[in-house]
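K.L.:
One structure is given below, represented as structure tokens, and several questions about it will come after.
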Amino acid sequence: MKIQSIRGMNDLLPQQSALWQYLERAVADMLDRYGYREIRFPILEQTELFKRAVGEVTDIVEKEMYCFDDRNGDSLSLRPEGTAGCVRACSENGLLHNQSQRLWYSGPMFRYERPQKGRLRQFHQIGVEAFGLNGPDIDAELLLMTARLWQQLHIDHAVTLQINSLGTAADRATYRAALVEFLEARYEQLDKDSQQRLTSNPMRILDSKDAQTQALLNDAPSLSDFIDQPSRDHFAQLCAVLDAAGVSYEINPRLVRGLDYYSKTVFEWVTTSLGAQGTVCAGGRYDGLVEQLGGKPCAGVGFAMGVERLVLLLDELGVVPDSIGQPVDLYLLAVGEVEQQALLLAENLRNECPQIRLQTHCGGGSFKSQIKKADKSGATVALILGEDEAASNSIGVKYLRENLDQQTVAQVDLVELLNNTFK
Ligand code: ATP
Ligand code: MG
């Protein structure tokens, strides 16, 4: 039996990697333009970190983490999200003391979920975190930046922004009690999942997909009536910036997000073009998290986008530029005992014409089989080095996509010819 990949953990094949690189570069460039810098931290952390950051009674920690004891008996987990590790790394390296930080990271995350379209067990996020900034201005900046990114990627018509305010942790505790009281009185009408959540994580009932539960919630107390004045002001100022900048949004009072650590602003960018897994980017403010993880109090706000879902969306909408994943320009054939000369000639061309993308034929074979490979490579020009050419320091130039005669030129004239052809 052949060994197979792990369910929900995909290989990224060369055919698709160009699209991933296009997306990743667009995001990295945008972040760079706004003054965000990259941070990298490990994929493995102590399990305790995620328990404390994400929360013990969340779906992620209860059901979805890849946990194991290492050879030393320490409990480690593959990261299910990036914020916890990012905060840990910043705190440990003294980045959060009397300063602000604008950071981003990217890489794989791991959750033991039921694999389906847009939902994997190893998936990829690009995450952004800003630390030490309390005001709604930074929340707004993050949303303006993502809005600009969607525009640049030509997907802005297909995503909408939902926002909400969760108030403070104390506000949420008061609200939670009111919600539980309301729902306990209607326990029998709740779906099974929600009945269970009523004791573990009642706020999650708000984003239940069950229609009857949703109908029941229409009369439930609303979180917006429970949040304190500073949170209200913060939210109003955020909305005012979005209005002034012309970024449309929808206030969704039932948007609570799955993780424990949020406070005040939460948001999601959602599309209807991907079926059930429609959230492509999600985040919010987490002012209590740094302290919760043992650091001095430090404000934080951030988001993570799902790379697989964005790639699916780019594909679905057909907005992938033709220029990505371009084939090489030149394919150099080496026919006969000329492998060494071919390799050296190619190196010289790479010195003299750095703008040209050149692939050298390796592995020998007849002229016929090599020219077939040249054609398949997508190159526009084939350079042919045979034994005769090598002996006379010349080279054959064959245009693969144009109806032009093959010519033989002196190798000393080749650079000029190529520089004229590939500007
Ligand atoms: P979902 O609503 O899909 O369960 P989530 O609230 O669990 O998402 P977050 O923890 O906020 O997601 O992660 C941010 C983003 O990462 C999501 O909006 C989504 O785009 C992506 N994401 C999360 N889980 C997965 C997964 N299992 N597979 C692929 N992408 C994912
Ligand atoms: Mg989830």
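No lab work stands behind these numbers, since they all come straight from the coordinates. Everything quoted here is computed from the prediction, not taken from an experiment. A quick note on method: Cβ atoms are made from the backbone with ideal geometry, for glycine too, and the neighbour counts reach across all protein chains shown.
K.L.:
Filter region 100-138 down to the residues that are farther than 29 Å from Glu316 by Cα and in contact with a His (Cβ under 8 Å, 6 or more places away or on another chain), then identify the one that is farthest from ligand 1 (Cβ to nearest atom).
P.N.:
Gly135
K.L.:
Considering each residue of region 370-392, count those that are surrounded by 12 or more Cβ atoms within 10 Å (Cβ to Cβ), without any contact (Cβ under 8 Å) to a residue 24 or more places away in the chain and not acidic (Asp, Glu), and give that number.
P.N.:
Residues meeting the conditions: 1.
K.L.:
Sticking with this structure for a sec: Looking at (1) crowded, with 18+ Cβ neighbours inside 10 Å; (2) within 12 Å of ligand 1 (Cβ to nearest atom), find the lone condition where Gly275 falls short.
P.N.:
Of everything listed in (1) crowded, with 18+ Cβ neighbours inside 10 Å; (2) within 12 Å of ligand 1 (Cβ to nearest atom), Gly275 misses just condition (1).
K.L.:
Here's something else I'd like to know. In the list Ala342, Ala346, Ala304, which residue meets the criterion of being out of contact with any Phe, Trp or Tyr (no Cβ under 8 Å at 6 or more places or on another chain) and part of a strand (DSSP E or B)?
P.N.:
Answer to the selection: Ala304.
K.L.:
Would you mind stating whether Arg88 is away from ligand 1 (no atom under 15 Å from the Cβ), over 19 Å from Gly306 (Cβ atoms), among the basic types (Lys, Arg) and part of a helix (DSSP H, G or I)?
P.N.:
yes
K.L.:
If you go through region 151-185 one residue at a time, how many are without any contact (Cβ under 8 Å) to a residue 40 or more places away in the chain, touching a helix residue (DSSP H, G or I) at 6+ places or on another chain (Cβ under 6 Å) and either on the phi > 0 side of the Ramachandran plot or among the acidic types (Asp, Glu) (or both)?
P.N.:
Residues in region 151-185 being without any contact (Cβ under 8 Å) to a residue 40 or more places away in the chain, touching a helix residue (DSSP H, G or I) at 6+ places or on another chain (Cβ under 6 Å) and either on the phi > 0 side of the Ramachandran plot or among the acidic types (Asp, Glu) (or both): 1 in total.
K.L.:
Does region 70-81 contain any residue that is within 13 Å of ligand 1 (Cβ to nearest atom) and touching a residue at least 60 places away in the same chain (Cβ under 8 Å)?
P.N.:
Yes, the conditions are met somewhere in region 70-81.
K.L.:
So, of the residues in region 92-126 that are out of contact with any helix residue (DSSP H, G or I) (no Cβ under 7 Å at 6 or more places or on another chain), within 16 Å of ligand 2 (Cβ to nearest atom) and not in a loop (DSSP other than H, G, I, E, B), which turns out to be farthest from Arg37 (Cα to Cα)?
P.N.:
Gln116
K.L.:
Then there's this: Out of Leu312, Leu333, I need the residue that is buried (at least 22 other Cβ atoms within 10 Å of the Cβ) and out of contact with any Ser or Thr (no Cβ under 8 Å at 6 or more places or on another chain). Which one?
P.N.:
Every option except Leu333 fails the conditions.
K.L.:
Would you say Ala391 is of a type outside the set (D, E, K, R) and more than 27 Å from Leu12 (Cβ to Cβ)?
P.N.:
It is true that Ala391 is of a type outside the set (D, E, K, R) and more than 27 Å from Leu12 (Cβ to Cβ).
K.L.:
Assuming Leu238 fulfils every condition listed in (1) more than 16 Å from Ala170 (Cβ to Cβ); (2) not in a helix (DSSP H, G or I) apart from one, which condition is it?
P.N.:
(2)
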